[in-house]
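Each remark here refers to the structure printed beneath this line.
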Amino acid sequence: MSQAATERLTAPPATTARKSGRRHLSDRQILMLFILPTVTLLILMNLFPLIYSLYLSFTDFSVISSTAPVWVGLDNYVQLVNDPDIWHNFATTGRFALLSVGLETVIGFGLALLLRNKFRGSGIVTTLILIPMMLSPIVVATFWKLIFNPSYGIFNYLIGFTNPNTAPEWLGEGNLAMWAIVIVDAWMWSPFVMLLCLAGLSAIPDYLYEAASIDRASAWFQFRRITLPQVMPLLLIAILFRTIEAFKQFDLVMGLTGGGPGNATETVSVQLYQLAFQGQFNTGLSSALAYIVLVVIIAISNLLIRALNRAREG
Amino acid sequence: MASVPQSYQSPGAPAKPVNVSIRVDKVGARPRTINAIRAVIAVIIACIMLIPVVWMAMTAFKSRPEAVAAPPVVFFTPSLEGFASLLTNRRQATPAELEAERQRTDLSWADELALRRGQIVIGESDFVRQLINSIIITGVSTFLSVTLAVLSAYAFSRFPMPGKDDLMFFILSQRMLPAVVVTIPIFLMYRSLGLQDTHIGMILLYTAFNLSFAVWLLKGFIDEIPREYEEAALVDGYTRLQAFRKIVLPQAATGIAATTVFAAIFSWNEYAFALMLTSNVARTAPPSIPLVLGVGGIEWAAIAAGSLAFLIPAVLLTFALRKHLLRGVTFGAIRKG
């Protein structure tokens, strides 16, 4: 921290003497010039549309009809809350989030423990494991669809079902389809959890373990009392990130099952898409649903951003 | 590294300079065996995780019957049939047409592959255009978002301003919104502005979408450049803008490069917006990959070939970016690793 101290001591005041007479922008003008384009674009592309859709959520309106929006007050929200299908969608999303984030946490943390000590080629192995994370989710979903195919996919062969007639049909049965999506999500995103856990593990000072082993603490004790608490902050951030993403999950579900079979894997995002852009194009109702989703996401994001800010300071 | 000459060593000191401290709990054979076992398990898991990717790459070079063979074919003669089906439109040819085709000597590789299946090429497929759309939209939106983000990240990093944390929070929160939620009003807005299914519309959207993340990532990088450099330049008579251009930008080059690549990957992979806001003119490749249909049924080889086009850049960039991945995926919040 001595560096920070010297920085404070030697740093001259922000407005230093400049050659007079030369035309230049003041710091304040530069600040405005630099920030305004970003803020303007975000307001135009994000904030304004959100306000607009808040209005639409109180109306009866369809983009494909030529009639103007009709104000209906809270009707859309009342209809949604009383619709068991919507509750089913939220339950499906929650179940998906719980299963996938749980699996990712276990696998990711496990991988990080395996890779924490360097060995020859460990850098390459780590990078190879990280590849799925960088792929396009819809492309991933598409080629996993081939892998899950009951008659010519390799997934069943690899797990031991060599007879296509008795092999499980992963995408055709409700419960299995959910697990199929969870497996693909875990395949893609466990590396993300691993990456954050590795960062946490590498920051644990060696002397903690040395002291513990001098005291003849068991490996389990060391893990529970040193490793786990030290990695916890980063693991939490990883879990929050994944939870938000899981609640937004759209690409994988669309690519793998499209919400089917029936509505067994229909997450809220998929339902929202169908409500807004298919069939009736029920814009008013879908805007209301969008707002409900938004409130849920903002609640989780708030937790995440607080955790991130703490990580930046720490 | 400074090496200590042997003659200067005091008696009893180790013969070689000690560069690595040895942890007491790591001495002995047992921890080393455990480490070796760990390494082996890690390598096995890495191999298992790569199976889907390798399988996809293999499928891209299979012929049509091989791609859907049961049991799955592992050994096969590579063919470019998948790529040919992906890039061209074909139709079944009459015997007379086939005969005429066979007489010609100026056939391209795609023509010949089609001919072998009794088809003739009638033009390039939509996928070619969609791939070009993807490149244009990704390129322009990445350039715009990184440019705007460098400016505002600098401002956020260097100038005090009221409500800075709130503004940063607002910017990041834009990234958290599910695409479907934002799309409904944007769809309406674009329709009334005539931006629906246009390149400009998609570029604007992707720029805004990447901007929030790019600002956070770049602010982290710029925060790390010592202020003294600019302040020295200011004392020397540089204006703020000159200092920014000649001192900060070169120093932030690595950060800017990493941010550019991340923004490009996000736009390149984006699916939901493209699915809902484009139909024909500005459609990018991701929404169309699951829909690649050949003459009569799903052409898995063609789909795999298209996926490969998306996979290769991502794999290369993962390797190029491996030192910055952690920062990139956490919006610059976590730097060590």
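Values computed for the structure shown
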quantity	calculated
Relative pair counts by distance (%), Cα atoms of the range B:69-182, 10 Å bins	10, 22, 19, 14, 14, 13, 6, 1
GNM flexibility winner over chain A from A:ALA238, A:ALA97, A:ALA68 (Cα, springs under 10 Å)	A:ALA68
Residues of type aspartates and glutamates that B:LYS246 reaches as a straight line, Cα spacing below 15 Å, ignoring anything fewer than 8 places off in the same chain	B:GLU228, B:GLU230, B:GLU231, B:ASP236
Choice from B:ARG64, B:ARG116, B:ARG283 showing the highest fluctuation, given a GNM over chain B with Cα pairs closer than 10 Å	B:ARG116
Within a Gaussian network of chain B (alpha carbon springs, distance under 10 Å), most fluctuating of B:ILE256, B:ILE203, B:ILE34	B:ILE34
Sorted by Cβ density within 10 Å, fewest first, the residues B:HIS324, B:HIS199	B:HIS199, B:HIS324
Average partner coverage of A:187-194, which counts Cβ from other chains inside 10 Å	2
Relative intensity, log₁₀ I(q)/I(0), of the range A:34-127 from a Debye sum that treats every alpha carbon as a point, q = 0.12, 0.20, 0.21 Å⁻¹	-0.78, -1.01, -1.04
Exposure proxy ranking, count of Cβ atoms within 10 Å, fewest first, for A:ASP85, A:ASP251	A:ASP85, A:ASP251
Over chain B - Rg/Rh using Cα atoms and the Kirkwood inverse-distance radius	1.11
Residues with amide H under 5 Å from that of A:THR59, placed H, sequence gap 5 or more	A:VAL72
Computed over the range B:133-291: relative contact order in percent, which uses C-alpha pairs under 8 Å that are six or more apart	41 percent
Rg and Dmax [Cα atoms of the range B:133-291; Å; Rg one decimal, Dmax integer]	17.9, 61
Amide H contacts of B:ILE120 (H built 1.01 Å from N, under 5 Å, at least 5 apart or other chain)	B:ARG91, B:ALA93
Overall Cα dimensions of the range A:138-203, principal axis frame, Å, largest first	51, 23, 21
Gyration tensor (Cα) of the protein assembly as shown, equivalent ellipsoid semi-axes in angstrom	43, 36, 28
Cα centroid separation - the range A:95-126 against the range B:153-183, whole Å	31 Å
Above-threshold pairs, the threshold being 19 Å between Cα atoms, out of A:LYS145/A:LYS248; B:LYS164/B:LYS219; A:LYS248/B:LYS219	A:LYS145/A:LYS248; A:LYS248/B:LYS219
Pairwise centroid distance, computed over Cα atoms, of the range A:239-254 with the range A:31-85, Å	22 Å
For the range A:192-252, alpha-carbon Rg relative to the globular expectation (2.2 N^0.38 Å, N residues)	1.45
Mean Cα-pair separation over length for chain B, i.e. relative contact order, pairs under 8 Å, 6 or more apart, %	24 percent
For chain A, alpha-carbon Rg relative to the globular expectation (2.2 N^0.38 Å, N residues)	1.32
Between the range B:230-297 and the range A:175-238, the alpha-carbon center distance in angstrom	32 Å
A:ARG120, A:ARG306 arranged by Cβ crowding within 10 Å, fewest neighbours leading	A:ARG120, A:ARG306
Under 20 Å from B:LYS62, Cα to Cα: aspartates and glutamates that are on another chain or at least 8 residues apart	B:GLU81, B:ASP111, B:GLU112, B:GLU299
Gyration tensor over alpha-carbon atoms, the range A:91-237, equivalent ellipsoid semi-axes in Å	36, 16, 15
Of every Cα-Cα pair in the range B:128-167, the percent that sits beyond 11 Å	69 percent
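Every number in this text was worked out from the coordinates using simple rules, so none of it is lab data. Quantities reported herein were computed from a predicted structural model and do not represent experimental measurements. Glycine also receives a Cβ, built like all others from the backbone with ideal geometry; neighbour counts cover every protein chain displayed.
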